[in-house]
Amino acid sequence: MQQILQKMRLAFASIPPIVLVLVTTGAVMPATGQVGTGETVIQKATEQFESTPLKTISLDKGIWMFGGDGGNVTAIVDDGSTLLIDSGLDSRTAELTNAVFQATWHPVTRLVNTHWHFDHTGGNVYFGLESVTIIAQENVKQRLSSVQNVPFIGLRDGRYPTLALPTLTYSSSMTLSQGDQHLTLVNYGPAHTDGDTIVYISPANVAVIGDIFSNHVYPIIDLASGGSMDGMIHSLDQILAQTDDQAKIVPGHGPVANRSDLQNYRDMLAQVRQRIKVLVGAGKTMDEAVAAAPTKDFDAQWGQGYVSPDVFVRMVFTSLTDSGNANR
């Protein structure tokens, strides 16, 4: 039996990295025209994703979170298969798949992408080669199918090969079953991007919410992909309404959280939004809004990540004013 399992594990992670490079037609690279100078948001984030140790955290019986490999990855196992939520960074796919198999001992047959960004879809090529069914909100497929340019944060990515694209999509909601767990996939409208998926898992009482929530760092609002500050807050309000104090919240990045953590994050966003709205109403320019430091009392907790306070203020300012080109 042990020999059979070992053969299955090797087959599961046998595609060499060079194959992944050859079949990927797009590449993550710094984009021009980003706000600010020096190292871009994506460069800072990628450095963190490449160097952070991968951790396996048990959420419930048969449910794990894998943190550190780009965006958080969640695995749900039943008697014969594993369903993944997000696929991490492409350069660490072998490490992730080994960790997933060691936890679940079953092959991945379905993969849900919470949105299109490279740190949540980097393993799509590998899983596509393994004939895994990839599931996402319909806008994710559209964005992965073409080159995406997000110069505000320094990101250019795509297009993904056909085998890495979602083969099953939905518009506003979808339900799935994985063993005893019932999964409800929901899109509440543009938030972090225009293709965000929140996954409610019951009866485990777990909510996987992607980059709508980055735990203890300021979030990226992907304006070029239809994201908005108002949409972020709206989606968070909906998630808070659908969860209770016992729920385990899996953010796109950072440690597992609870409902109180999510409420504090939502309230921080709302206060920053209101402060910047006042500055906009007073006729302040973007640079003047940055100089006013509207996030100052939140920076110690939220401003230590790859999104600096100044960049976050510029994102929110642009989202609220829609001034000029939202891709700046």
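The values are calculated or read from the model by the stated rules, or taken from the named source; none is laboratory data. In this text the structure is predicted, and so the values were computed from the model without any measurement. Quick reminder, even Gly has a Cβ in these numbers, built from the backbone with ideal geometry, and neighbours come from all protein chains shown.
Odds and ends about this structure:
- The range 108-154 holds no helices (runs of 4 or more DSSP H) entirely within its bounds that carry 3 or more residues that are of a type in the set (Val, Ile, Thr), at pLDDT below 95 and closer than 23 Å to residue 175 by Cα.
- Top-ranked residue of the range 212-225 - restricted to ones that are farther than 15 Å from residue 252 by Cα and out of contact with any Gly (no Cβ under 9 Å at 6 or more places or on another chain), ranked as surrounded by the most Cβ atoms within 10 Å (Cβ to Cβ): 223
- Taking the conditions (1) over 27 Å from residue 143 (Cα atoms); (2) of a type in the set (Phe, Trp, Tyr); (3) crowded, with 24+ Cβ neighbours inside 10 Å in turn, residue 101 satisfies each one other than (3).
- Residues that are more than 13 Å from the chain's Cα centre (by Cα) and either assigned to a strand (DSSP E or B) or modelled with pLDDT under 95 (or both) were ranked within the range 67-79; the one that is farthest from residue 201 (Cα to Cα) is 79.
- Residue in the range 174-211 that is surrounded by the most Cβ atoms within 10 Å (Cβ to Cβ), counting only those that are of a type in the set (Ser, Thr, Tyr) and under 18 Å from the mean Cα position of the chain (by Cα): 193
- Test: residue in the range 149-172 that is surrounded by fewer than 17 Cβ atoms within 10 Å (Cβ to Cβ) and small (Gly, Ala, Ser): yes
- Restricting 290, 272 to those that are in contact with an Asp or Glu (Cβ under 8 Å, 6 or more places away or on another chain), of a type in the set (A, V, I, L, M, F, W, C) and in a helix (DSSP H, G or I) reduces the list to 290.
- From 96, 54, residue being in contact (Cβ under 8 Å) with a residue 40 or more places away in the chain and farther than 25 Å from residue 202 by Cα: 54
- The residue of the range 257-302 that is nearest to residue 237 (Cα to Cα), among those that are among the polar types (S, T, N, Q) and without any contact (Cβ under 8 Å) to a residue 60 or more places away in the chain, is 263.
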